[in-house]
Amino acid sequence: MSVSIGDQSRKSGSLSDIGSMAGASAVWTAADVTNWIVEYLDEELRLSAAEVDRDATFSSLGLGSQAAAAMVSHLGRQLGRDLPVATLWAFPTVNGLAAAVVSDSRDYRDNHVSPLQPVGEGMGEPLAVVSMATRLSATGVSVGSIWNEYGAASRPGRHTPAHGDRIEFRPPVGNSSDRMRQFGKVTIMTSFTSHDLSSAPEGSRPIMENTNKGFGFLPSPIKLMAESPELLAGFMSGNALFNKTTLSPLEREVFILTMATKVECHYCVAMHSSILTRQGADADLVETLRARKPLSDSKLEAMREFTLAVMEGHGHVEPQKMEAFLGAGYTQRNALEVVLGLGVYTISTYANRMTEAPVDEPFKFFEWHGEH
């Protein structure tokens, strides 16, 4: 039998059973729980007992929030009782968590925790609620009512959480934890890491160095995509190929802005508005593209319309639209180069939207908010 812990799968017997530590009928002590957590960190992070600072946050020890939540879940199973994951955010150290789970929970929380604290503040890293999973009853229960209940349970006297809110909660005592169990489980994940050269995976660093030399700074999408060296390399190599196509620089930028506004990649729209302007493009052309309106230049409008046709048809293009593209002076090779561009910029636009890449200062003048 295997138990999944964090990102690894290991045999369930490889971590000590708390029952065997303390005796089948004994009350678990803080020392028992501390020893189990240290063993967990040894297996998860390859930290020896001597390397584990019992008063350091789990985040500073290298345990991410998802892995830490998995640890609490596994610890709860070992203890034979429900252990709300929110306990971790209130007690984010080995000693604190061990003491909390074996002490009278209300007394310990009252004496050691402020009545209201932001999620993840003790963990030292930002957290976001990204989904809620629950069983809905047949009558009268909606996702909205569940969210209202969660808001009422977790933020007494506060407004119901909305998208983008900094979510705060009271440590899970009494009705709060009961309501969380009743209405489902909150899934949490860390925000995407914005890397610099010191923190990025080794495979991403040469690309980051070259990009920094080219721009004079590291654009935020590169910092965020650096988490996956393969993704970053795929985008950069694909972009280099797209820049070698027989499409002119202006035609390529018209294609990119058409696609970026269609999928609403705010970073791409800002960046490529800046690039088009630096290339000397007419301001009306830039603004018309940003507004997603027809262009006055017939050949560039053919590029815009063809790009939209390929996107909307998922590659299928009606014969009359293909004829219009070719009739405007483009070639079959150009048509396939548009497909290449779509592949390349699907990587960047999707990654930018997923990671919510912030617009860098050099492109702030061209910030775009989906204006029509």
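Each residue in the range 46-75 was checked for being closer than 15 Å to A98 by Cα and open to solvent by less than 30 Å² (accessible area, probe 1.4 Å), and 9 pass. Of everything listed in (1) of a type outside the set (D, E); (2) over 22 Å from M354 (Cβ atoms); (3) touching a Ser or Thr at 6+ places or on another chain (Cβ under 6 Å), the single unmet condition for Y330 is (3).
Picking from residues in the range 318-359 that are in a loop (DSSP other than H, G, I, E, B) and at negative phi, the one that is farthest from the chain's Cα centre (by Cα) is A328. Quick check, is A281 assigned to a helix (DSSP H, G or I), surrounded by 15 or more Cβ atoms within 10 Å (Cβ to Cβ) and among the small types (G, A, S)? In short, no.
Among the residues making up the range 262-278, a single one is open to solvent by 20 Å² or more (accessible area, probe 1.4 Å) and outside any helix (DSSP H, G or I): E264. Applying the set (1) over 29 Å from F363 (Cα atoms); (2) open to solvent by less than 70 Å² (accessible area, probe 1.4 Å); (3) over 34 Å from the mean Cα position of the chain (by Cα) to G315 leaves exactly one unmet item: (3).
Taking the listed residues M225, M236, M259, the one that is within 30 Å of T193 (Cα to Cα), touching a Cys at 6+ places or on another chain (Cβ under 9 Å) and surrounded by 15 or more Cβ atoms within 10 Å (Cβ to Cβ) is M259, with no other qualifying.
Any chance the range 227-238 includes a residue that's over 20 Å from the mean Cα position of the chain (by Cα) and under 22 Å from F363 (Cβ atoms)? Looking through the range 227-238, at least one residue is over 20 Å from the mean Cα position of the chain (by Cα) and under 22 Å from F363 (Cβ atoms).
The values are calculated or read from the model by the stated rules, or taken from the named source; none is laboratory data. Remember, predicted model here, so these are calculated numbers, not experimental data. Every residue, glycine as well, gets a Cβ built from its backbone with ideal geometry; the counts of neighbours run over all protein chains shown. Heads up: the accessible areas ignore ligands, DNA and RNA and are worked out on the full protein's heavy atoms, side chains in. Shrake-Rupley method; radii C 1.70, N 1.55, O 1.52, S 1.80 Å.
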